[in-house]
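Only the coordinates and a few stated rules stand behind these numbers; no lab work does. Predicted model, so just to flag it, every value in this text is computed and none were measured. Cβ coordinates were reconstructed from backbone atoms using ideal geometry, including for glycine residues, and neighbour counts include every protein chain displayed.
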Amino acid sequence: MAANDGAASPPLANRVILITGANGGLGEAVARASAAAGANVVLLGRRVPRLTRLHDELEAAGCRTPSIYPMDLSGAVPEDYDVLARAIANEYGRLDGIVHCAAELKGLSSLQNLPLEDWFTGLHVNLTAPFLLTRACLPLLREREDACVLFALDDAQRTARAFWGPYGVAKHALRGLVSILADELENSPIRVHGVEPGPMRSALRARAFFAEDPSTLPDPSAYTRACVQLLAGTDRASPRFVTLQPHSTAPRSLGLATFAG
Ligand SMILES: NC(=O)c1ccc[n+]([C@@H]2O[C@H](COP(=O)([O-])OP(=O)(O)OC[C@H]3O[C@@H](n4cnc5c(N)ncnc54)[C@H](OP(=O)(O)O)[C@@H]3O)[C@@H](O)[C@H]2O)c1
């Protein structure tokens, strides 16, 4: 997976892309795809050994040397995100994209039985953290001629049903955040998209569908081509909310009229 294999000009050449949940299913897959597309990737996560392994694999594959940024989003405060933005500015002098893949789902539970701590942590990691991180990085992103922020969403109908708890509530609110932020940045160089992958093999999926055979699900890498396309701005007419089709480069608009961009 050398960065320049078979492509005269990789779509993300020289771009700096920050990926949260970079040791998770989708996050790692997006990191690999972005690095293969020529990006400098900043890998944010809380499991340093797994991030280090990914770092070493990407480097060995001939990609640009990634950066690791250890961070537990559940305990991070606004100043921590300012420090992160300054660190990226100092290291690279630019930031071209953020992909919010980190998400917490402890399991399915009724609201009645949910430990209150899980409510607060779920909303913090899945909603407040991506808000704070994006806000802290907006000044850096605005300096680019073209920048992009992707928020990973989930099936709106399924996660509005019983037992999806703070994860479901936060993902719905995140849709609202995407809509508001995209409106506010309409005349800026920053493109904002909510991306909805289909079911994929990951730890998060297994916690919700514990009886499911994971081998029946696509690998997260099946969804990354469209993410790279969005980050690269190849198609400026891409809708604000897009469903990711496995192995597709053509994002489709989500069928939610209320939020259609
Ligand atoms: N899997 C699916 O079928 C599916 C479907 C639709 C949408 N999605 C969305 O796709 C995105 C990626 O999910 P995934 O399936 O790849 O899940 P995953 O493999 O469980 O990855 C989630 C990532 O978030 C990280 N994370 C959780 N809490 C964190 C915290 N407090 N601080 C820092 N990092 C934290 C995890 O790190 P640890 O390893 O340290 O826990 C992990 O790297 C999520 O936004 C999810 O909602 C997934």
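Pairwise Cα distances in the stretch 16-259 exceed 26 Å for 34 percent of all pairs. In a simple Cβ point-charge model (Lys, Arg +1; Asp, Glu -1; nothing else charged), the stretch 36-97 has a dipole of about 160 debye relative to its Cα centre. Taking the longest Cα principal axis of the chain as reference, the axis of helix 165-184 is set at about 40 degrees.
A simple spin-label model places the labels of Arg50 and Ala89 3.1 nm from each other, with each point 7 Å out along Cα-to-Cβ. Helix content alone sets the calculated 222 nm mean residue ellipticity of the chain: runs of n ≥ 4 DSSP H residues at -39500 (n - 2.57) each, divided across all residues, give -11500 deg cm²/dmol. Overall, the stretch 16-259 carries a charge dipole of about 340 debye about its Cα centre when +1 sits on the Cβ of Lys and Arg and -1 on the Cβ of Asp and Glu, all other atoms neutral. Considering only Leu18, Ile180, Thr243, whose Cα is most displaced toward the positive end of the charge dipole of the chain, charges sitting on Cβ of Lys, Arg (+1) and Asp, Glu (-1)? Of Leu18, Ile180, Thr243, it is Thr243. What angle, in degrees between 0 and 90 and rounded to the nearest 10, separates the Cα long axis of helix 48-60 from the longest principal axis of the Cα atoms of the chain? Long axis of 48-60 versus the principal axis of the chain: about 30 degrees. The stretch between Ala160 and Trp119, if pulled fully straight at 0.36 nm per residue, gains 13.2 nm over its current Cα-Cα span. By how many degrees, 0 to 90 and rounded to 10, does the Cα axis of helix 78-92 deviate from the longest principal axis of the chain? Approximately 20 degrees, to the nearest 10.
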